[in-house]
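Q: Below: one structure in structure tokens.
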Amino acid sequence: MQIRPFQQADALNVYRLLTANGWQHRIPSMDYLMKLADASQRALVAVEEGQTVGFARAITDGLSNGYLSMVVVEASCRGQGIGTQLVERIVGDEPQVTWVLRAGREGAREFFSKLGFSASAEAMERVRRAATR
């Protein structure tokens, strides 16, 4: 398996991965996916035998704070370490950076706990609202 930076040529395969694995409500089009990837400081794909099996993206200043926005692995490939490798590559070895994420999906808390994340009583969020037209 290869983990490498997301490229524009990956867009269709990543879009298919996301929409097939529970993200269709957040990724309405490939154009939107490209905007998200372009706005992310880190975006990676996991490719195995020519198939895109994972995607992760993050926003960070690389100095103090980071937000792990998305980690998605093809359902049939879960439990093989792909998500772990994606997260480890995204967060890197920057001990001075505090990384945060939302862990609301089933199994997410357990998964991220194994990677050194812990629940925080200090985090707050302003939940997205529907766009007005």
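Q: Counting only DSSP beta bridges with both residues in the chain, what percent are antiparallel, rounded to the nearest 5? Can you show the working numbers first?
A: On the way: 18 of 21 bridges.
Counting only bridges with both partners in the chain, antiparallel ones make up about 85 percent.
Q: Kindly provide the GluC sites (Glu not before Pro) of region 15-111 that DSSP labels as loop, not H, G, I, E or B, and whose Cβ sees at most 11 other Cβ atoms within 10 Å. Numbers along the way, then the final one.
A: Details: sites: 48, 49, 74, 88, 106, 110; in loops: 49, 74, 106.
Filter output for region 15-111: 49, 106.
Q: Using +1 at the Cβ of each Lys and Arg and -1 at the Cβ of each Asp and Glu in the chain, identify which of 60, 27, 127 lies farthest towards the dipole's positive end.
A: 127
Q: Helix-derived [θ] at 222 nm for the chain: sum -39500 (n - 2.57) over DSSP H runs of at least 4, divide by residue count, nearest 500? Could the numbers behind the result be given before it?
A: Working: 4 runs with 36 residues, N = 133.
After summing the helix terms and dividing by residue count, I get -7500 deg cm²/dmol.
Q: Got a number for carbon plus sulfur as a percent of the chain's accessible area, 1.4 Å probe? Intermediate values should be presented prior to the final figure.
A: Working: 4200 of 8740 Å².
So the carbon and sulfur contribution to the accessible surface is 48 percent.
Q: Figure the gain on full extension for residue 35 and residue 110 (residue separation times 0.36 nm, minus the Cα-Cα span) and round it to one decimal in nm. Before the final figure, lay out the partial values.
A: Numbers: separation 75, 0.36 × 75 = 27.00 nm, distance 3.01 nm.
Full-extension gain reported as 24.0 nm.
Q: Next question. Compute the Rg/Rh shape ratio of the chain: radius of gyration over Kirkwood radius, all on alpha-carbon atoms. Before the final figure, lay out each step's value.
A: On the way: Rg = 14.7 Å, Rh = 15.5 Å.
Here the Rg-to-Rh quotient is 0.95.
Q: Starting from 0.36 nm per residue, how many nanometres of slack lie between residue 121 and residue 23 once their C-alpha separation is accounted for?
A: Numbers: separation 98, 0.36 × 98 = 35.28 nm, distance 2.69 nm.
This chain segment gains 32.6 nm when fully extended.
Q: On to the next question. Points 7 angstrom from Cα along the Cβ direction at residue 100 and residue 84: gap in nanometres?
A: Calculated label separation equals 2.8 nm.
The values are calculated or read from the model by the stated rules, or taken from the named source; none is laboratory data. Everything numeric here is computed off the predicted structure, so don't read it as measured data. No Cβ is skipped: glycine too gets one built from the backbone with ideal geometry, and neighbour counts run over all protein chains shown. Only protein heavy atoms, including side chains, enter the accessible area calculation; ligands, DNA and RNA are left aside. Shrake-Rupley method; radii C 1.70, N 1.55, O 1.52, S 1.80 Å.
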